[in-house]
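Please read the structure below before turning to the comments.
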Amino acid sequence: MGEVVWTTIRLAAFTTVLLLILATPVAWWLARGRAWWKEVIAAVLTLPIILPPTVLGFYLLIAFAPGSPLMEPLKPFGVRTLAFSFEGLVIASIVYSLPFAVQPIRSAFEAMGERPMEVAATLRASPLDAFFTVALPMARRGFLAAAILVFAHTIGEFGVVLMIGGSIPGETEVISIRIYQLVESLRFDEAHKLAAGLVAFAFGVMLAMLLLDRGAERRRPL
Amino acid sequence: MSEGVDVRFAGAVGGFRLEAELRLAPRAITGLSGPSGSGKTTLIRCLAGLMRLPGRMVVDGDVWQDERRFRPAHRRPVGVVFQEASLLPHLSVRGNLDYGARRAGGVSAEALAEVVELLGLGPLMGRGVARLSGGERQRVALGRALLSRPRLLLMDEPLSSLDAASKAEIIPYLERLHRALAMPMLYVTHDRRELDRLADVVLHMQAGRIVPGPERPDEAAALAGLSPQDRDALALAALRAGLSPASHA
């Protein structure tokens, strides 16, 4: 029981950290870029919300298979496949939760407007300096929201993990899969414990989000 | 080295064409008025380096822009006070003042104290910017611009978002500033009273050009040397003849 919880938390933590780093430049470009085709990219990045996890899992399984165009360049490093591995699961979770990170961060950057970056420039901050000292701190609520959403979404994912995880104890077996297996084998008592734990977790996350929103409301300058 | 700022811009943004040529005297406030959409803000943005239009800009002999070169905003020692509150909301008043000062190589404690004294910022220092009034915010914005050690100060309708009481509160600070500072300043406003109280020279802008306005600088200069009686006589004669005083003189 402890091992499966630990694997789940580890997966969610890795996914959250890596995804926030990855999503930040993408969200910035979507918020500030002037390319006409940026909404096309935005739509592609939002697809994981609409697609059934089985579709994503299926394509990822093909991409992670030995000899695929994605795996071929990794061969010299001794990596044949990413399917049924923790690393593969992290990558899959990143793809699956991408919109949950990009959207709130993009909105936060957009809400900021152009002015603060211009102000920073007139105060001699280079664009990179201004990004770290003005844009990031001003968008911190967007980052917090993204982190909570991604972490929670990863804890709750089932379909993608089922397709590419393989349920290897200590490696790819996560809580949602374990609950499924426990119910399949009619071990309801154990399933109850994990399921109730997830309900409490989900409630905590939603409460945190709502309180965060109210805090933002109250602190908004007139 | 010629002191002051010499500027010539000619170019289009969208459908709007700016063709402006002007000179800002080294120690004076140059007022700039004109109807909305006449290009005043565009001109300020070009001067600050936030926007690039073809042209040339020389500040105290240093070329900031010409055919080949363009210094972006963060490499120009220019202070900008925007129309609306533009304080960085995640920083305190002190944080805002420090932001530009640190990047301009730091300012001495005396310089900081002087600006704080000049603008009456002492009681505000530890506060968050969300708790300031409109007038206080613009004073902080002004102080922040000054502490970034500018060689040119640009103010884009800094009082237009304030109510009458806040305006009346901040104008004396601007007058003190005018006496204390030795740098060219461009002050954009619609308000005649602000121009009268603050500007040494007034330029007028219309449809992207600097045009001879109701107050031509040469007129102002010509009239400044006259006694009030002479001025009145001149105005009376001009009224009778239906002509402007300058063409009469």
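Counting only strands (runs of 3 or more DSSP E) that sit completely within the stretch B:1-58, those holding 3 or more residues that are out of contact with any Phe, Trp or Tyr (no Cβ under 9 Å at 6 or more places or on another chain) and not polar (S, T, N, Q) correspond to B:5-13, B:16-24.
Filtering the stretch A:109-127 to residues that are within 7 Å of chain B (Cβ to nearest Cβ), of a type in the set (A, V, I, L, M) and within 21 Å of residue A:141 (Cβ to Cβ) leaves only A:119. Answer yes if at least one residue in the stretch A:191-204 is loosely packed, with under 14 Cβ neighbours inside 10 Å and under 26 Å from residue B:87 (Cα atoms), and no otherwise. No: the stretch A:191-204 contains no residue that is loosely packed, with under 14 Cβ neighbours inside 10 Å and under 26 Å from residue B:87 (Cα atoms). Quick one: in the stretch B:17-31, which of the residues that are modelled with pLDDT of 90 or more and not aliphatic (A, V, I, L, M) is farthest from residue B:200 (Cα to Cα)? Here the residue is B:17. State which residue is farthest from the other protein chains (Cβ to nearest Cβ) when the search covers only the stretch A:134-160 and only residues that are surrounded by 18 or more Cβ atoms within 10 Å (Cβ to Cβ) and more than 16 Å from residue A:107 (Cα to Cα). Ranking the qualifying residues of the stretch A:134-160, first place goes to A:160. Among residues of the stretch B:42-56 that are more than 10 Å from chain A (Cβ to nearest Cβ), those with a Cβ under 7 angstrom from a residue that is charged (D, E, K, R), sequence gap 6+ or separate chain, pair up as B:44/B:156; B:55/B:8; B:56/B:8; B:56/B:66.
It is to be established whether one or more residues within the stretch B:160-168 are among the charged types (D, E, K, R), at pLDDT 90 or above and assigned by TED's automatic domain parsing to the domain that holds residue B:199. No, that holds for no residue.
Can you tell me which residue among A:16, A:24, A:46, A:8 is under 10 Å from the mean Cα position of the chain (by Cα) and either in a helix (DSSP H, G or I) or farther than 30 Å from residue A:113 by Cβ (or both)? The unique qualifying residue is A:16. The set of residues from the stretch B:57-75 being more than 8 Å from every other protein chain (Cβ to nearest Cβ) and either surrounded by fewer than 21 Cβ atoms within 10 Å (Cβ to Cβ) or closer than 30 Å to residue B:129 by Cα (or both) comprises B:58, B:60, B:61, B:62, B:63, B:66, B:67, B:68, B:69, B:70, B:71. Might you check whether a residue that is more than 19 Å from residue B:177 (Cβ to Cβ), buried (at least 19 other Cβ atoms within 10 Å of the Cβ), facing chain A (nearest Cβ under 10 Å) and in contact (Cβ under 8 Å) with a residue 12 or more places away in the chain occurs anywhere in the stretch B:126-135? Looking through the stretch B:126-135, at least one residue is more than 19 Å from residue B:177 (Cβ to Cβ), buried (at least 19 other Cβ atoms within 10 Å of the Cβ), facing chain A (nearest Cβ under 10 Å) and in contact (Cβ under 8 Å) with a residue 12 or more places away in the chain. Condition check: assigned to a loop (DSSP other than H, G, I, E, B), more than 14 Å from chain B (Cβ to nearest Cβ) and in contact (Cβ under 8 Å) with a residue 60 or more places away in the chain. Does residue A:84 satisfy that? Considered against the rule, which asks whether it is assigned to a loop (DSSP other than H, G, I, E, B), more than 14 Å from chain B (Cβ to nearest Cβ) and in contact (Cβ under 8 Å) with a residue 60 or more places away in the chain, residue A:84 comes out as yes. The single residue among A:43, A:13, A:63, A:35 that is crowded, with 16+ Cβ neighbours inside 10 Å and modelled with pLDDT of 90 or more turns out to be A:63.
The listed residues are B:169, B:114, and the only one of them that is over 19 Å from the mean Cα position of the chain (by Cα) and acidic (Asp, Glu) turns out to be B:114. Being under 25 Å from residue A:128 (Cβ atoms) and under 18 Å from the mean Cα position of the chain (by Cα) is a property that residue B:141 has. Filtering the stretch B:76-125 to residues that are away from chain A (no Cβ under 12 Å), closer than 12 Å to residue B:146 by Cβ, outside any helix (DSSP H, G or I) and touching a Gly at 6+ places or on another chain (Cβ under 8 Å) leaves only B:121. Is it true that some residue in the stretch B:156-166 is within 9 Å of chain A (Cβ to nearest Cβ) and either in contact (Cβ under 8 Å) with a residue 24 or more places away in the chain or not charged (D, E, K, R) (or both)? Looking for residues that are within 9 Å of chain A (Cβ to nearest Cβ) and either in contact (Cβ under 8 Å) with a residue 24 or more places away in the chain or not charged (D, E, K, R) (or both), one finds none in the stretch B:156-166, hence no.
The values are calculated or read from the model by the stated rules, or taken from the named source; none is laboratory data. As the structure is a prediction and not an experimental result, all values here were calculated from the model. Positions of Cβ are backbone-derived with ideal geometry, glycine not excepted, and every protein chain shown enters the neighbour counts.
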